[in-house]
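Encoded as structure tokens, the structure appears first; notes follow it.
Values in this text are rule-based calculations from the coordinates and carry no lab data. In this text the structure is predicted, and so the values were computed from the model without any measurement. Cβ: placed from backbone, ideal geometry, glycine included. Neighbour counts: every protein chain shown.
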There are 2 protein chains.
Amino acid sequence: MSLLSFKLNEKLYLRDPQHTQLGQNIIKKSIEMIDKMGFEQFTFKKLAEQIESTEASIYRYFENKHHLLLYLISWYWNWMEYRIELSTSGIKDAAEKLRICLRILAEEKKIDPTFEFVNEAALSRIVISELDKAYLTKDVDDLNKDGLYGGFKSFCKKVAAIAQEVCPSYPFTSSLISSVALIANHQVFFSNHLPSLSSLPKDNPYEKLYEFMESIVFLSLTPSTK
Amino acid sequence: MSLLSFKLNEKLYLRDPQHTQLGQNIIKKSIEMIDKMGFEQFTFKKLAEQIESTEASIYRYFENKHHLLLYLISWYWNWMEYRIELSTSGIKDAAEKLRICLRILAEEKKIDPTFEFVNEAALSRIVISELDKAYLTKDVDDLNKDGLYGGFKSFCKKVAAIAQEVCPSYPFTSSLISSVALIANHQVFFSNHLPSLSSLPKDNPYEKLYEFMESIVFLSLTPSTK
DNA sequence: GCAAATATAATAGCGATACTATCATATTCA
DNA sequence: TGAATATGATAGTATCGCTATTATATTTGC
């Protein structure tokens, strides 16, 4: 069992996967598989084969594969929020806090040994390519009512609060932060696959990505020579 | 037949749907249906019923439903680019041109009578909720090699060229423009369905959306007090 | 105007997907 | 040890994505 685990919205799962061997296998292997083959190609049947279990058993943990994806994404944003809390806890200055948030958003994700059975590097690639699919669905409103987007919303809220502190008069804080959080993902994807849509270097976009995000955010929050 | 039609990449379709009655029905009805039920629920079988044709006949126009979606999205960005050309052709000042582009990106889309059998209002809702699904796929690289993302790329390139003119020294023009183009869509969706992620009013987000986008872009392109 | 080419319709079928249901066998733990 | 619970094994259903075949319209070239 891990030392630390996140308390995720209970509607995300039927049985809590963090607490059993089978559940942990499901999480671990599904991250691997979705990363490799993409969410469309991924099925519970294939997953069952890989972990030497059965489709029916997996369905006892997750209502369907879309809920599993929401679970993983929610886990990811909880993890991101946790990291922001760790890194900003000692800091006083709001602008410095905000810079740390942007750093964390922009940087390449590495495996965090605090959490066994989660490969954060692979998970972050999943979030890059599947986040929008999870959100932009016809049943947003139902899913949202059940709080299934809580992870991302909570993350954005926390960062937005810091941004608000930096510039209380800026009128678009929520939009700015949610936009920048998505941009971080899109631009990594573009730099890699559709380079004409990006100004970031393909081999290592992360440093420039930070500069790009930092400039957007701080120019917006710094009422210059008005 | 329409007076005007766009020359879309030939790999998007098997038979050009703009040139036949059945083809036009496919376009017209698929826009309606995808708008109503979402891309996931939409199938060629259901479409065939609606237009009183057969699944097999539709497969003679489009390889599969993903290609049909790419076709619609490509059409949309061609239309957007065409509108930008119309609206900026007489203008000299680059900054003013760029503002017009942002206006067009941010505004609510209305039906354009120039193009029969395309409901641009519905199509723009499709682009809002399905654009990322079309791009963020495991076979991006193949699709991109065939030029299937040409519409969006060409649109961004055109706007980026104007932005570059406004500020030749800005290092992230491509990233800025592609980001803003996506933001326009996301923020409309968020203001409607996930309002805590947005600062825009739910009932009519468009005016504020423009202000938001304008401020991001022009603050970035205007090296203030450096 | 007629034959040849082509487009569409009608129907069937295949393998895979997303799930549900049932029953048997482990495992846990009171 | 016995009762509850978790998992495995297996089967089944409706739909999806797509292909194939054959028949019937419709267009086009001569």
Of all GluC sites (Glu not before Pro) in region B:1-109, the ones in DSSP coil with at most 11 other Cβ atoms within 10 Å are B:GLU52
Hydrodynamic calc, region A:10-221: Kirkwood Rh from Cα pairs, then Stokes-Einstein at 4 °C with viscosity 1.567 mPa s, so D in µm² s⁻¹ is 71 µm²/s
Gyration tensor (Cα only) of the protein assembly as shown to equivalent ellipsoid, semi-axes in Å sorted down, yields 34, 32, 18
Cross-link reach from A:LYS157 to aspartates and glutamates, straight Cα distance under 14 Å and at least 8 residues apart if same chain, gives A:GLU81, A:GLU85, A:GLU165
Taking the alpha-carbon centre of each part, the distance from region B:119-167 to region A:56-78 in Å is 30 Å
